[in-house]
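Reviewing the structure listed below.
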Amino acid sequence: TQLLEQSPQFLSIQEGENLTVYCNSSSVFSSLQWYRQEPGEGPVLLVTIVTGGEVKKLKRLTFQFGDARKDSSLHITAAQPGDTGLYLCAGLYNFNKFYFGSGTKLNVKP
Amino acid sequence: GAGVSQSPSNKVTEKGKDVELRCDPISGHTALYWYRQSLGQGLEFLIYFQGNSAPDKSGLPSDRFSAERTGGSVSTLTIQRTQQEDSAVYLCASSLVSRGIGELFFGEGSRLTVL
């Protein structure tokens with residue numbers, strides 16, 4: 001069973017559209033992270049969110065950590081082909097172990 | 001080294017053979033993780049090391065899988081009597097978690113193909 005449920009699993013959109021990816025759990029995490037992975041490479045950290053209710057923005061990407069520290073979302077505004085990749089959420093559980101969501105494969109068509 | 005190094009990058013083996021995958025973490029990182037990733041899928045947790053000890057081995061799929069870490073540094077993941085379902089990319093990551101905050105730094109993975 002997955003500690004973190006991520007949705008949707010696949011997303012194919014046109015350039016310029018907006019999208020939201022969700023990451024949900026029944027467990028509380030001490031911090032929540034989002035990673036992006038390109039083919040043939042390991043995941044690379046996009047953001048770390050520590051405080052419940054916190055919102056972080058990274059250019060066209062907006063990340064939110066739920067008040068109860070159990071869920072998170074990633075919103076991309078005006079998606080571009082360069083955003084294509086596998087997006088993974090990861091929660092730090094019990095201050096020492098990272099659990100990953102199942103991933104969202106995003107394809108942005110020009 | 002500057003980053004997490006994994007070897008081999010690619011390994012093709014025959015069913016029933018043993019394989020060893022190596023991970024060299026970032027110097028000073030106390031935590032080391034092994035994950036398995038099937039094509040285009042998410043990361044499946046295998047085992048976690050804090051220093052040389054493995055407080056959580058719960059993700060190892062069977063007793064054919066084992067891992068060790070020596071000197072608080074290099075780790076080896078061993079798969080005995082490989083099966084075709086073991087084919088995947090095995091990713092290693094290291095981290096220095098401080099006060100509940102830490103970033104995982106990943107290697108590029110070892111792609112294992114069992115024929």
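The values are calculated or read from the model by the stated rules, or taken from the named source; none is laboratory data. Quick caveat, the model's predicted, so the values are computed rather than measured. Using ideal geometry, Cβ is built from the backbone for each residue, glycine included, and neighbour counts are taken over all protein chains shown. For accessibility, only protein heavy atoms count, side chains too; no ligands or nucleic acids. Shrake-Rupley method; radii C 1.70, N 1.55, O 1.52, S 1.80 Å.
Okay, residues lined up against (1) of a type in the set (S, T, N, Q); (2) modelled with pLDDT under 95; (3) open to solvent by 40 Å² or more (accessible area, probe 1.4 Å):
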residue	(1), (2), (3)
B:31	no, yes, no
B:45	no, yes, no
B:78	yes, no, no
B:88	no, no, no
B:91	no, no, no
B:95	yes, yes, no
### Query
Within region A:28-42, which residues are open to solvent by 20 Å² or more (accessible area, probe 1.4 Å) and either in contact with a Ser or Thr (Cβ under 6 Å, 6 or more places away or on another chain) or farther than 25 Å from residue B:107 by Cα (or both)?
A:28
### Message
Against the condition in a strand (DSSP E or B), out of contact with any Asp or Glu (no Cβ under 6 Å at 6 or more places or on another chain) and farther than 18 Å from residue B:103 by Cβ, how does residue B:32 come out, does it pass?
### Response
no
### Query
Tell me, which residue of region A:74-110 that is out of contact with any strand residue (DSSP E or B) (no Cβ under 7 Å at 6 or more places or on another chain), touching a residue at least 60 places away in the same chain (Cβ under 8 Å) and away from chain B (no Cβ under 14 Å) is most open to solvent (accessible area, probe 1.4 Å)?
A:110
### Message
Restricting to region A:43-73, give me the number of residues that are within 13 Å of chain B (Cβ to nearest Cβ) and either open to solvent by less than 10 Å² (accessible area, probe 1.4 Å) or among the acidic types (Asp, Glu) (or both).
### Response
4
### Query
How about region A:17-96: which strands (runs of 3 or more DSSP E) wholly inside it have at least 1 residues that are among the basic types (Lys, Arg)?
A:31-37, A:55-58
### Residue list for region B:1-29, restricted to those being modelled with pLDDT under 95 and not in a loop (DSSP other than H, G, I, E, B)
none
### Task
Out of B:53, B:27, report the one residue that is in contact (Cβ under 8 Å) with a residue 24 or more places away in the chain and open to solvent by 20 Å² or more (accessible area, probe 1.4 Å).
B:27
### Message
Could you go through region A:17-30 and let me know if any residue there is over 15 Å from the mean Cα position of the chain (by Cα) and modelled with pLDDT of 95 or more.
### Response
yes
## Note on the structure
Selection from region B:70-107 of residues under 11 Å from the mean Cα position of the chain (by Cα), within 14 Å of chain A (Cβ to nearest Cβ) and in a loop (DSSP other than H, G, I, E, B) yields B:107
